[in-house]
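Visitor: One structure, as structure tokens, below. Some questions next.
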Amino acid sequence: MKNLAKENVLTDYGGTSGGTVRSLEKSLKIRLPEEYVQFITKHDGASLHVDVFDYFNMSKSRVASDSIGFKQVGTILRTINSLLEQSTNDPSDPDIFKFYEYFDEDIVPFGETGGGDLICFDYRNHAGNNPPIILWLHDVEEERISFIANNFEEFINMLHEPED
């Protein structure tokens, strides 16, 4: 995958161990895509030169573009737990409840956009190790999830440079 080549890595936090990855998989009861695992064991928390992707933004009903920054593996479980904790707040508080009501424990964030939306593996209806990729929009109340790609490899292959 050309877009995950070492030459495309702008910055990273070094690699992460296979043990850390397997621990995350065990905690979440999932298997991560092998291409993703190979990349993050060398470039955990990477930012890329070629990092823009296009998708259909469900909340705005139009095609949009955004960019990815990979999350550090050590932050993924904390992110999920924080979002799930916030989603169980008192439903009588409409601001807090609506903000997180669509987060699901079978969504695994592996990247983030510049605006704070999460790029995720979607295991909600997928039992294998190559789930679809979605964008979880953090600041909308409806149509919070937008489909990006059928799997990780397809997502990486769709990355392109920003258009002027």
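Visitor: I need the full set of residues from the range 109-133 which are among the aliphatic types (A, V, I, L, M), within 19 Å of residue 156 (Cα to Cα) and either assigned to a loop (DSSP other than H, G, I, E, B) or out of contact with any Phe, Trp or Tyr (no Cβ under 6 Å at 6 or more places or on another chain) (or both), in order please.
Guide: Of everything in the range 109-133, just one residue is among the aliphatic types (A, V, I, L, M), within 19 Å of residue 156 (Cα to Cα) and either assigned to a loop (DSSP other than H, G, I, E, B) or out of contact with any Phe, Trp or Tyr (no Cβ under 6 Å at 6 or more places or on another chain) (or both), namely 119.
Visitor: Which number in (1) loosely packed, with under 14 Cβ neighbours inside 10 Å; (2) among the hydroxyl-bearing types (Ser, Thr, Tyr); (3) in contact (Cβ under 8 Å) with a residue 60 or more places away in the chain marks the one condition that residue 11 misses?
Guide: Only one criterion in (1) loosely packed, with under 14 Cβ neighbours inside 10 Å; (2) among the hydroxyl-bearing types (Ser, Thr, Tyr); (3) in contact (Cβ under 8 Å) with a residue 60 or more places away in the chain is unmet by residue 11, namely (3).
Visitor: Return yes when residue 78 is basic (Lys, Arg), modelled with pLDDT of 85 or more and closer than 21 Å to residue 43 by Cβ and no when it is not.
Guide: yes
Visitor: Check 107, 119, 133 and return the single one that is closer than 20 Å to residue 72 by Cα, crowded, with 17+ Cβ neighbours inside 10 Å, touching a helix residue (DSSP H, G or I) at 6+ places or on another chain (Cβ under 6 Å) and of a type in the set (A, V, I, L, M).
Guide: Only one candidate qualifies: 133.
Visitor: Filtering the range 39-84 down to residues that are assigned to a helix (DSSP H, G or I) and out of contact with any Leu (no Cβ under 8 Å at 6 or more places or on another chain), which residue is surrounded by the most Cβ atoms within 10 Å (Cβ to Cβ)?
Guide: 40
Visitor: Quick check: is even one residue across the range 123-130 among the charged types (D, E, K, R), surrounded by 19 or more Cβ atoms within 10 Å (Cβ to Cβ) and out of contact with any Gly (no Cβ under 6 Å at 6 or more places or on another chain)?
Guide: No - not one qualifying residue is present in the range 123-130.
Visitor: Given the condition within 22 Å of residue 105 (Cβ to Cβ) and of a type in the set (Val, Ile, Thr), answer yes or no: does some residue in the range 50-60 qualify?
Guide: Looking through the range 50-60, none of the residues is within 22 Å of residue 105 (Cβ to Cβ) and of a type in the set (Val, Ile, Thr).
Visitor: If a residue must be modelled with pLDDT under 90, in contact with a helix residue (DSSP H, G or I) (Cβ under 7 Å, 6 or more places away or on another chain) and not in a helix (DSSP H, G or I), how many such residues does the range 1-35 contain?
Guide: 1
Visitor: Here is a follow-up. Check 142, 105, 101 and return the single one that is over 15 Å from residue 53 (Cα atoms), modelled with pLDDT under 90, among the acidic types (Asp, Glu) and in contact with a Leu (Cβ under 7 Å, 6 or more places away or on another chain).
Guide: The unique qualifying residue is 105.
The values are calculated or read from the model by the stated rules, or taken from the named source; none is laboratory data. Since the structure is predicted, the reported quantities are computational estimates derived from the model, not experimental observations. Note: ideal-geometry Cβ built from the backbone for every residue, glycine included; neighbour counts use all protein chains shown.
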